[in-house]
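Student: Just dropping this structure here.
The values are calculated or read from the model by the stated rules, or taken from the named source; none is laboratory data. These numbers were taken from a predicted model, which means no experiment stands behind them. Cβ placement follows ideal geometry from the backbone for every residue including glycine, while neighbour counts extend to all protein chains displayed. For accessibility, only protein heavy atoms count, side chains too; no ligands or nucleic acids. Shrake-Rupley method; radii C 1.70, N 1.55, O 1.52, S 1.80 Å.
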Amino acid sequence: MIELLWLIGTFLFTLIAVYLANRGGAGYLIGLYIAIMITMNALGSKLITFFGFQANTGIILISASFLVSDMLSEFFGKKVAQKAVWIGILGMILFLLTSLTSVYWPSAVAFKNQAAYAL
């Protein structure tokens, strides 16, 4: 059942992405691509069963990232798609560094959940 929802969601996502590309240009799709890449990293630690296979939740968003990068390449050219990929990589690095800093930064005395937060 959840796989069917994923297929419907991917279809709706495609429609929204095409609409954004048509109305707003490459900037909207680049922003969407970066959001997908960062979300994929944030959610990637949970294991799920996906069409009978064990995978992490980030795998669900890989199809969306390919879709958006292909749209960028088709609608706006290869250079724009490569730019989005590089910005996405920089966004993931920033997310990683910020997350690590947040975990290892000493917490305030009032914050009692540091062990759970670190996990």
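Student: Residue check, Gln82 against (1) at pLDDT 85 or above; (2) in contact with a helix residue (DSSP H, G or I) (Cβ under 9 Å, 6 or more places away or on another chain); (3) within 30 Å of Leu119 (Cβ to Cβ); (4) open to solvent by 60 Å² or more (accessible area, probe 1.4 Å), all met but one. Which one?
Tutor: (3)
Student: Can I ask one more? For region 46-58, check the following and say yes or no: at least one residue is part of a helix (DSSP H, G or I), open to solvent by 30 Å² or more (accessible area, probe 1.4 Å) and without any contact (Cβ under 8 Å) to a residue 24 or more places away in the chain.
Tutor: Scanning region 46-58, I find no residue that is part of a helix (DSSP H, G or I), open to solvent by 30 Å² or more (accessible area, probe 1.4 Å) and without any contact (Cβ under 8 Å) to a residue 24 or more places away in the chain, so the answer is no.
Student: Across region 1-41, what is the total count of residues that are farther than 18 Å from Gly88 by Cβ, of a type outside the set (Val, Ile, Thr) and in contact (Cβ under 8 Å) with a residue 24 or more places away in the chain?
Tutor: Result for region 1-41: 2.
Student: If I filter region 103-119 down to residues being among the small types (Gly, Ala, Ser) and either farther than 20 Å from Ser45 by Cα or surrounded by 10 or more Cβ atoms within 10 Å (Cβ to Cβ) (or both), which single residue comes out as farthest from the chain's Cα centre (by Cα)?
Tutor: Among them, the one singled out is Ala110.
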